[in-house]
Structures are given as C-alpha cells and as structure tokens.
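No lab work stands behind these numbers, since they all come straight from the coordinates. The shown structure was predicted, so the numbers you read here are calculated from the model rather than taken from an experiment. Because the Cβ atoms are built from the backbone with ideal geometry, glycine has one as well, and the counts that use them run over all protein chains shown.
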Amino acid sequence: MLTDSTRHYIERVHRQEYGQLLATLIGWLGDLELAEEALQDAFLAAVEHWEREGVPHKPGAWLTTTARRKAIDRLRRSRAEAVDPQELETLPPAQLAVTENFDDAGEIPDERLKLIFTCCHPALPLEQQVALTLHTLGGLTTAEVAAAFLIPAPTMAQRLVRAKRKIKDAGIPYYVPPAHLLAERLDSVLTVLYLIFTEGYAATAGEALIRHELCDDAIRLCRVLELLIRRSQTQTDVPTAQYAEVLGLLGLMLLHHSRRIARVGTRGELILLSDQDRSVWDKRDVQEGLALVEKAFNIRHVGPYQVQAAISALHARAPTAEATDWSQIAALYGELRRFTDTAIIRLNQAVAVSMAAGPATGLRLLQPLADELSAYAPFHLARADMFRRTGQREQAREAYRVALDLTQNKVERDFILGRITALGEPP
C-alpha cells in the first residue's frame, strides 16, 4: 500500500517536472502521444519502485530513463517504423538542466518552448492550442484545463484528443519556428504563457494556493521568447506591436509574482490584496516589472497585456491598499474592454468600480453577468463581498455558499468558510 509521504512526493514531482520531462521525451521520440504514454508508464512504475526502494536522488532523471525504456517496449510491441528502438537505446543520458546563458547558445535551448510552438501550430484551432499546451507543458489534468475554460471536463477531453490526432496526422514538427514564421504563432503562444501563469498564480485545485513551478515556467519561457525576438529582430517579421505585448506580458507576470510571499499566511491561509504586507513584495520583481511596462508603452502600440500590466503597476505603486487609485483602475478595465470585451473583464471592472464608487454601484454592474458567469466562483465571491460591504448578510452568505460549491482549491475553500463563519453562521 502506498504511504502518504511517497504519494505526496510523486504528486509534487509530477507538478514540478512533468512539462520538462514530456518535452524532453517528445524531442527524442517525435511523437506526443507515445511520449505521454511512456511518461505515464514511468509514473506508474515510480508508485511501485519508490515505495519499495525509496525515492531516488534525482527523480526526474529516474523518470526520464524509465520512460525511455517504456517507450522502447511500446515501440517493439507495435513494431512502429517512425522511431527505431535500437536508436533510442544509444541516446545519451537525460540532460534535464537548461542552460541559463541564452546569448551563448546557438539556438533557444529550452525544450518546453519547442513544445509550446508545436501545440500552437496554426493548423490547430486556438482553443485546442491553448488547452493542449496547458495539459502537456503545465501537467494540468483534463478537469483543471476544463475549469480554466469554464467548460465540462468531457468536452475538454474530446478537444484534447482531436488536437493530438491533428498533430500526428498533419506531421506538425517539434521545433521553434524560423524567425519569419514567429509572428503567425506569437499571439497563441502569449495566450498560453498567460494561462499557464494564471493557473500557477491561483491553482484551480489542490491544497496549495500557488503553483510556483508554473509561474516560474511561464516567466522563464516569456524571457526566452523576448530574447528570441530581440536577438533576431533583423530577420524576423514580428511586428513592433507584438513585441510590445511580449514586454507587457512579462511585466504583468513579474508584478503579480512579486506578491507571492504576501499572498499566503504562516498557516498557508489566503491573504487578500487589501490585507497584504507590502513590505515583503519582491522589490526586484516590482522594479523590473515597472521598467518593462514603461518600455512597452514607449513603443506606442498599446495592447491588452500592456493594459493589464498598467493595472498591476497601479497596485505596485500604491504604498498602501487605501492609496490605490481605483478610479484609474476602473478606467483601464474600460480600455481593456476595447481589445477583448469578455464577461470576466467586465467582472473585474465591476469590482474596481465598487471600490471607487461603492458596492451598490458594483452590484448593479454585476447583475447583467449573472447568467454567463453562473458557474464561475470569483463572480459569486465578488457578489458576496459587495453584499457584505452593504450589510446584506443573508445575501452575502448565500453567495459565499454558491462560491464554495464551485471551488476546488483547499486554501480558497478555507477562506470562504471563514467568511461564512464571520457572518454569523458556522461552516
């Protein structure tokens, strides 16, 4: 029987290393589905071996070696012609470390960036591109990816199957495209990096509020992407406006990530932005993020990531929560709606308006969104907070209950239960 300690360790390795392991295997095998199956086999083997023999010193290398053996076994059984099993046996040992000195590298060294560009091939619909990358690179379960898209898990499972089949049938290559082809995939890649960071910043499920490995991956890959464009600017067709958006996204992620320590208390509890100790925000991340936002705006091709980064910059510049310029933030959300007028952006604008003009005004703005966001927990949390601030305790309790039913993350559930208790009703 698997002990809790071994199970938790395997789950942690899966969260932290799945994307890199899968990208490495795809680079060897040239087959996404085979790489996924072999890596799944390796994790199943780890359940048995690590419990009996102990966790290896380098679990990532152990899993890579085991997955390679499993792939060889699968190829031999199927007698596949795409990859020669004898060639796999002569491959060098797994090299999971990624060089940090990009300027000295002959090519972009990160296998994960190749995986993103494969998943973001223009032959795939955008929703399949994003879903597949979150599933493969981020290691998110089908249910977690479905939650990010606000659709049922079976629908997402079908979408992932279709995307993998398209990659295989169309022979989509596994590589970072040449400079002259970057522009056609860049928007999708930025969307993917943004959603990977978002899932890391506020995990949809599990016992931790923040999945640091996903945030770090998204920031690192955005840095690599920015360097790739900047280093090849004389050869690339990437428009200046797209490059400004790369800078904006990187600045946005750094400004959000600067708050990571302050967002969680000593007992792992959620701390709202208004209650955070701003002195522990990462000053280097804040300074770099602000500098990137300024650099992006100086290009004078404003896009949605830059506007979101400007909103985060207003929070970063406010010395206290009370000093936050909520009127300007609400206006920026109005500007953001010019680029992409989604229900979630209107929700965020309503929250900002409620802080600037009062919760009653915010509630009026939320009312038209009720049907579209009925299955979205943050919508009900926003309503609950506004009801609480207007003294409507029963309405607040009911909205918190709905949000609780829609929330899978343990830290967020504990926070909601605490709010219900504070309103005078036990959880």
Over all directions, the average projected area of the alpha-carbon convex hull for the range 298-407 comes to how many nm²? 7.6
Tilt, helix 240-257 to longest principal axis of the chain (alpha-carbon atoms), in degrees rounded to tens, equals 70
Length released on extending from R401 to S327, taking residue separation times 0.36 nm less the Cα-Cα span: 23.6 nm
If we restrict to alpha carbons, what Rg and Dmax does the range 135-249 come to, in Å? 15.8, 47
By how many degrees, 0 to 90 and rounded to 10, does the Cα axis of helix 326-339 deviate from the longest principal axis of the chain? 50
For Q408, the net charge from surrounding residues (Cβ-Cβ under 12 Å; K, R +1; D, E -1) works out to -2
In degrees rounded to 10, the 0-90 angle between helix 304-317 Cα long axis and the longest Cα principal axis of the chain is 60
The chain, helix-only ellipticity at 222 nm - DSSP H runs n ≥ 4, -39,500 (n - 2.57), divided by all residues, nearest 500: -21500 deg cm²/dmol
In angstroms, what radius of gyration and Dmax does the chain have, counting Cα atoms only? 22.8, 72
Zone of A123's modelled label, taken as backbone nitrogen in the range 171-188 under 13 Å from a point 7 Å along Cα→Cβ: 171-175
With a cut-off of 8 Å between alpha carbons and a minimum separation of six or more residues, what is the relative contact order of the chain in percent? 11
Rounded to the nearest 0.05, what FRET efficiency is calculated for H57 and Q408 with R0 set to 25 Å and r the Cβ-Cβ distance? 0.15
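Sort the following peptides by mean Cβ neighbour count (other Cβ atoms within 10 Å, averaged over residues), highest first: 326-338, 263-275, 363-375.
Ranking, from highest mean packing down: 326-338, 363-375, 263-275.
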Distance from the range 342-381 to the range 153-226 (C-alpha centre basis), Å: 28
Chain lengthening between V280 and H8 when straightened (0.36 nm per residue, less Cα-Cα): 95.0 nm
Over the range 116-186, what is the relative contact order in percent, taking alpha-carbon pairs closer than 8 angstrom and at least six residues apart? 40
